[in-house]
Amino acid sequence: MTSAPLLEVDGLVVKYGPAVAVDGVSLHVEAGERVALIGPNGAGKTSLLAGISGLVKPSAGRVRLEGRDLTGRVAGEVVRAGMTQVPEGRQVFPTLAVEANLLLGAYGREFRRELVSATVRYARRRAAIADRLERVYTLLPTLFELRERPAGRTSGGEQQMVAIGRALMAEPRLLAIDELSLGLAPLVVESLSESLVRLNEDEGVAVLLVEQNAVLALDTSSRRVVSCCPARAPRSSATRRYGTPTSAAGST
Ligand SMILES: Nc1ncnc2c1ncn2[C@@H]1O[C@H](COP(=O)(O)OP(=O)(O)OP(=O)(O)O)[C@@H](O)[C@H]1O
Ligand SMILES: [Mg+2]
């Protein structure tokens, strides 16, 4: 018997009122895999991630992580089950130091409904969290150099590193990144992309990279490319150049 994929999304529908943003998308990510999800503006990529990670309740379809049904669960539960997300536009806390931003990733994993018990759980895991922080600094050494600086006073690329580091502090088995390359210079993107490959190869963390930048998605960080979401978005010229995606997400 084959084991369940790490992430399995089946016929997911996300609506905003009557507007359908994601129309029955299916995809899967295997443990330790790197997958890129490409699609143009407005294709529904962010909405799909929101539906998977519990930020928006899907109207239909199923989300499973290692076979466990997480459809419509709150975001914290999805994080604790092993998937964290780097949001589009980074969304760091600008007045907090870089290290405080990172620690919030670990704290967020403990947070359910109630501050006091989350803080107690966090305090109990202090040694493990310190180890985790070391690992994040080893993977992204720039963050160590910047650890005392307010995150809002770092560059766009550095903020993207903070957002990735913060997500890693929650110890995911699957890291979903919404637009790694957004607004960043090509060299910065290349360096971030190399860090992701290292993370994937050294620590076995699966990566789901959501990108408009198909060339980046195809060239640097992915083993498998999925186009999102064919019913809404035509195949891009980059997809044609590199051939048909090996597996397609789309309307069912
Ligand atoms: N909160 C919202 N309320 C209503 N409609 C929304 C909301 N968020 C997104 N949409 C709509 O859903 C559709 C998909 O948007 P989404 O942001 O998921 O696309 P995307 O593929 O991530 O685009 P981009 O590449 O620009 O980030 C769009 O038509 C958008 O206008
Ligand atoms: Mg988006």
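Throughout, read-outs are computed from the coordinates displayed, never taken from laboratory work. Given the structure is predicted, the values throughout are model-derived calculations rather than measurements. As a convention, Cβ positions derive from the backbone with ideal geometry for all residues, glycine included, and neighbour counts pool all protein chains shown.
Summing Lys, Arg as +1 and Asp, Glu as -1, what charge do residues with Cβ under 11 Å from the Cβ of residue 184 carry, residue 184 excluded?
Local net charge: -2.
Hey, fewest Cβ within 10 Å first, where do 107, 16 land in order? All intermediate terms of the calculation are to be shown ahead of the outcome.
Values: 107 18, 16 9.
Ascending number of Cβ neighbours within 10 Å: 16, 107.
Please work out the Cα center distance from region 124-181 to region 1-56, rounded to the nearest Å.
24
Relative contact order, percent, of region 92-171 when contacts are C-alpha pairs under 8 Å separated by at least 6 residues?
Relative contact order comes out at 54 percent.
What does the extension gain come out to for residue 182 and residue 134, with contour length at 0.36 nm per residue minus their alpha carbon separation?
14.6 nm
Starting from the Cα of residue 197, step 7 Å along the direction of its Cβ; do the same at residue 31; then give the gap between the two resulting points in nm.
Inter-label distance under the simple model: 2.5 nm.
What is the spin-label model distance, in nm, from residue 145 to residue 4 if the labels are put 7 Å beyond Cα along the C-beta direction?
Simple spin-label model gives 4.3 nm for this pair.
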